[in-house]
Amino acid sequence: MYENNYLNCYALTKISKINNVAQKKWWKYALSVDVSWDQVPTIASSDVTYEVKFMDVKGRDIETKTSNYIGYSHAIKNNKIYTVKVRATRRANSNYQMNMGDEVTEWSDVQYLFTQPTVKYAKLAKGKLTISWNKIAGVTSYDVYVSTKQSKGYKKVKTLKAKKSSYTIKKFKKKKLKKRQYYVYVVPNKKVAGKVIKKDVTYVYKVQKGVSTPSECYK
């Protein structure tokens, strides 16, 4: 009796929309992106399926897929922004939901998916460091960072509009650049409803005097 009452009470508890939809990993060279989200609380995970809608930056459908897991992967291009949203369906079960029918949540908040641009050119000459990068369609702006060390000490030197894809750095920490090794990277920004969206930085680019193609390194 107590067990049945517990199950009946559980059945009357609606499941809420999916939380924490996130870009788990952008595979730059494999050209794939992994997405994850929080699991829906339920008596048995087998009761729930997830519907994933993968879209372009304007919300136009690319793929809709059903998954039994709290994860999803899709092929991508590195110079584009994508969006994704997820909803859950808890299947009707005679023991748990008293034949009330399937329950479907509302869609999650839309998550924007993109990565940092590749710095394709860098030249250090006459006390100036000029860099250029591959543009990402749909971003709002770019932040340019520079350091003298690979894993720390980075300072933002400039924020540029989305139409820009190059910049010349003349000073670092208010001092003229020297004939030494520098590291740079560029962060794309996407402004949505007044909120600026950024992604984690994976790569930095080593710049050496006399070499115009920077070396890509892990940050």
Of 35, 67, 218, farthest towards positive along the dipole that unit charges on Lys, Arg, Asp, Glu beta carbons give the chain: 218
Which length gain, in nm to one decimal place, applies between residue 179 and residue 161 when the Cα-Cα distance is subtracted from 0.36 nm times their residue separation? 3.6 nm
Rounded to the nearest whole Å³, what is the per residue volume of the convex hull around the Cα atoms of the chain? 141 Å³
Can you give me the C-alpha center-to-center distance between segment 116-144 and segment 180-219, rounded to a whole angstrom? 8 Å
Is segment 119-218 rounded, prolate or oblate when judged by the Cα gyration tensor, a ≥ b ≥ c being the square roots of its eigenvalues, rounded requiring a/c under 1.5 and prolate requiring a/b larger than b/c? prolate
Listed peptides 48-56, 206-214, 81-89 by packing density, highest first (mean Cβ within 10 Å): 81-89, 48-56, 206-214
Would you mind working out the magnitude of the charge dipole of segment 119-218 relative to its Cα centre, with +1 at each Lys and Arg C-beta and -1 at each Asp and Glu C-beta, to the nearest 20 Debye? 640 debye
Could you work out the relative contact order of the chain? I mean the mean sequence separation of Cα pairs under 8 Å and 6+ apart, divided by the number of residues, in percent. 16 percent
Helix-only CD estimate at 222 nm, as mean residue ellipticity for the chain, using -39500 (n - 2.57) per DSSP H run (n ≥ 4): -1500 deg cm²/dmol
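Any read-out appearing in this document is the output of simple, stated calculations on the displayed coordinates, not a laboratory observation. Here the structure is a predicted model, which means the values were calculated and not measured. When we count neighbours, we look across all protein chains shown, and the Cβ atoms used for this are built from the backbone with ideal geometry, even at glycine.
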